[in-house]
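K.L.:
Below you will find the structure I want to go over with you.
The values are calculated or read from the model by the stated rules, or taken from the named source; none is laboratory data. Owing to the predicted nature of the structure, the values given are computational and were not obtained by experimental measurement. Backbone-built Cβ (ideal geometry, glycine too); neighbour counts: all protein chains shown.
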Amino acid sequence: MALTIGAVILLIGLMFLIYYGYTVGVRRSVKPGREHLQKCSLCLQTFERSKLIERQVGDSKLFYFCEECVKNLSEEFERATGMAERKNNGD
Ligand SMILES: [Zn+2]
C-alpha cells in the first residue's frame, strides 16, 4: 500500500514537472517585448511589423518587405521596364 501511494506521489510529481517545464518552455519561446518584431524576407533585417508590408503566398507562407527593399524593387522594376520600352522604341 505504501508503495502504491509512493508511486502515485511520484507520478503526480513527474506530471507537475513535465507541465512546469512545458509552460516555461512556451514562455521562453516568445521573447518578451519582441512579439511585434519581424524580419524582412529580402534583407533579413528586423523591423517593427507595422513598418513592413505583408504578402501571403499560397495558403500559409507569409513574406514581409521593408520600405528599403520595396524602394529597391521599385527602382529595379522601373529600370527593367524602362530598358524594355527603349528597346521597343528603337525598333
Ligand atoms: Zn528589407
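K.L.:
Can you give me the number of residues within region 60-77 that are surrounded by fewer than 14 Cβ atoms within 10 Å (Cβ to Cβ), of a type outside the set (D, E, K, R) and within 22 Å of the chain's Cα centre (by Cα)?
P.N.:
Summing the residues that are surrounded by fewer than 14 Cβ atoms within 10 Å (Cβ to Cβ), of a type outside the set (D, E, K, R) and within 22 Å of the chain's Cα centre (by Cα) in region 60-77 gives 4.
K.L.:
Does GLY82 satisfy the criteria of being part of a helix (DSSP H, G or I), small (Gly, Ala, Ser), at pLDDT below 95 and surrounded by 10 or more Cβ atoms within 10 Å (Cβ to Cβ)?
P.N.:
Yes.
K.L.:
What are the residue pairs meeting all of these: first residue in region 31-54, first residue within 15 Å of the ligand (Cβ to nearest atom), second residue assigned to a loop (DSSP other than H, G, I, E, B), Cβ atoms under 6 Å, and 6 or more apart or on different chains?
P.N.:
GLN38/LEU52; CYS40/CYS66; PHE47/CYS66; GLU48/HIS36; ARG49/HIS36; LEU52/CYS66
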